[in-house]
Amino acid sequence: MFRNDLISSQTQTNGDSQQASGSLSTLAGRGKPKAFQDSCHNNQSLYFSPLAVSIIDTPEFQRLRRLQQLGTASSVFPGAVHTRFQHSLGTYHFAKLLMRTIREKQPELELTSRDVEVVSIAGLCHDLGHGPFSHAFESFIDSAGVHFEHEDMSAKLVGRIAKHANLVRDESELETWNDVHTLEAPPYLSARDIVLIRCMISCSERAKHHELIKLPPHKLFMMDIVCNSRNSIDVDKFDYLIRDAFYCRATSATCCRRRTTSCLCVFSAPRTTLRCGTRCVVRRASTCRASARRRRRAPRLSL
């Protein structure tokens, strides 16, 4: 379980660093890396970057502590009282784990620490828009004649958090984290990163801002890590399958984390398909023998 006292990262620094001066040192002092113990992952420590901690500390994210993951299912499964807060932390962990694994196994993709952090933050914020009783709330709103999707609301709240928490900086200040050799996660985001995060969370945002998704073809797979509209194989499902099964004691439904992460591979595509306003990279497995051999030789990340 997560400890409440691990969340507060509003550390006191000198008077100058408390002002919103826009400098890197000011923002970096607002949040420090944190570790959470998650019982669903064998009490493994989940590590969060200063940027992630700054988002976790916001009121918009803290409200997820009061939203049960399975809504009213706790009436039948008394142990199923886990929250969207826990699930969001677990999704961040899975997103970062998969991106780091791909970055390690396939250096030819030229993934940067900025790419890893953007996808991870999308995983962290993907459920911000949920209402009371989770999905039951959407059905209730729809029955009143008002269309509501939590993904769209999550995308809007990402922009609100970035603005109110002063997390956005100019693109020129992120040049350091565009280097593939940089390992440290960026402590802030650019306006382009905010658009990418919103599009990674919501398909309607992808259709609306598809011309702003300026990713090279070999990095378009990043759009499917958090919300995969083609086949629903994404980190959101990875975490809640494990978490829901753990708290409902339905252990037979638990997916294999080691196999999920270690067998993941991105293939270059001679052809692309257009889905939800963005291109999804696909290729037949029979034409990827060289990539399969490289995948077998690639080191596996131990969980």
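The values are calculated or read from the model by the stated rules, or taken from the named source; none is laboratory data. Note that this is a predicted model, so its numbers are computed, not measured. Quick reminder, even Gly has a Cβ in these numbers, built from the backbone with ideal geometry, and neighbours come from all protein chains shown. Please note that ligands, DNA and RNA were not included when accessible areas were found on the heavy atoms of the full protein model with its side chains. Shrake-Rupley method; radii C 1.70, N 1.55, O 1.52, S 1.80 Å.
Remarks
- Residue match in segment 113-125 (condition: among the acidic types (Asp, Glu), touching a His at 6+ places or on another chain (Cβ under 9 Å) and surrounded by 13 or more Cβ atoms within 10 Å (Cβ to Cβ)): no
- Candidate set: segment 153-184, residues that are acidic (Asp, Glu) and farther than 18 Å from residue 196 by Cα; chosen: the one modelled with the highest pLDDT: 184
- Scanning segment 144-200 for residues that are under 19 Å from residue 50 (Cβ atoms), in a helix (DSSP H, G or I) and of a type in the set (A, V, I, L, M, F, W, C) returns 158, 161, 162, 174, 177, 194, 197.
- Residue that is most open to solvent (accessible area, probe 1.4 Å) [pool: residues in segment 224-237 that are outside any loop (DSSP other than H, G, I, E, B) and farther than 16 Å from residue 100 by Cα]: 237
- Once segment 133-143 is narrowed to residues that are small (Gly, Ala, Ser) and in a helix (DSSP H, G or I), the residue that is surrounded by the most Cβ atoms within 10 Å (Cβ to Cβ) is 136.
- Taking the criterion of being buried (at least 22 other Cβ atoms within 10 Å of the Cβ), modelled with pLDDT of 80 or more and not hydrophobic (A, V, I, L, M, F, W, C), the residues of segment 188-223 that qualify are 188, 193, 198, 202, 205.
- Flag if residue 21 is hydroxyl-bearing (Ser, Thr, Tyr), at pLDDT below 75 and open to solvent by 40 Å² or more (accessible area, probe 1.4 Å): yes
- Within the span defined as segment 170-184, every residue fails to be aromatic (Phe, Trp, Tyr) and within 15 Å of the chain's Cα centre (by Cα).
- Unique residue being among the hydrophobic types (A, V, I, L, M, F, W, C), open to solvent by 20 Å² or more (accessible area, probe 1.4 Å) and free of Cβ contacts under 8 Å to residues at least 12 places away in the same chain when the list is 81, 76: 76
- If you check 236, 179, 244, 224 for being touching a helix residue (DSSP H, G or I) at 6+ places or on another chain (Cβ under 7 Å), charged (D, E, K, R) and in contact (Cβ under 8 Å) with a residue 24 or more places away in the chain, only one passes: 236.
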